[in-house]
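Any read-out appearing in this document is the output of simple, stated calculations on the displayed coordinates, not a laboratory observation. These numbers come from a predicted model, not from an experiment. So basically every Cβ, Gly included, is an ideal-geometry build from the backbone, and we count neighbours across all protein chains shown.
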Amino acid sequence: MTPEARTGAIRECLQAAFAPAVLEVVDESHLHAGHAGARDGRGHFRVALVSGHFGGMAPIARHRAVYAALGDLMTTDVHALSIDARAPGEVSG
């Protein structure tokens with residue numbers, strides 16, 4: 001899968017699962033060139049999303065929900081994922 005296709009697939013999964021008001025997906029793989037985890041061809045990504053689905057959820061539950069939404073991408077295309085998942089009105093930490 002091309003880097004653009006990976007980013008698009010991540011975006012589609014998160015959009016479908018959370019209907020976020022804000023969604024940012026950034027491929028940071030180029031920052032990890034030569035890193036042992038990057039050698040297998042999977043990427044490093046940063047996601048930021050704001051969704052009502054996260055209201056009342058603990059941070060770990062939010063992360064688990066994001067991992068679940070990405071499903072197989074977590075084993076086939078994503079090596080590392082930085083997540084900023086917030087409910088509307090929450091300030092980024």
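Quick look at the values:
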item: Residue that is exposed (fewer than 14 other Cβ atoms within 10 Å of the Cβ) and among the charged types (D, E, K, R), where the choices are D77, D84, D72; result: D72
item: Top-ranked residue in the stretch 65-93 [being more than 11 Å from the chain's Cα centre (by Cα) and charged (D, E, K, R); ranked as nearest to P3 (Cα to Cα)]; result: D77
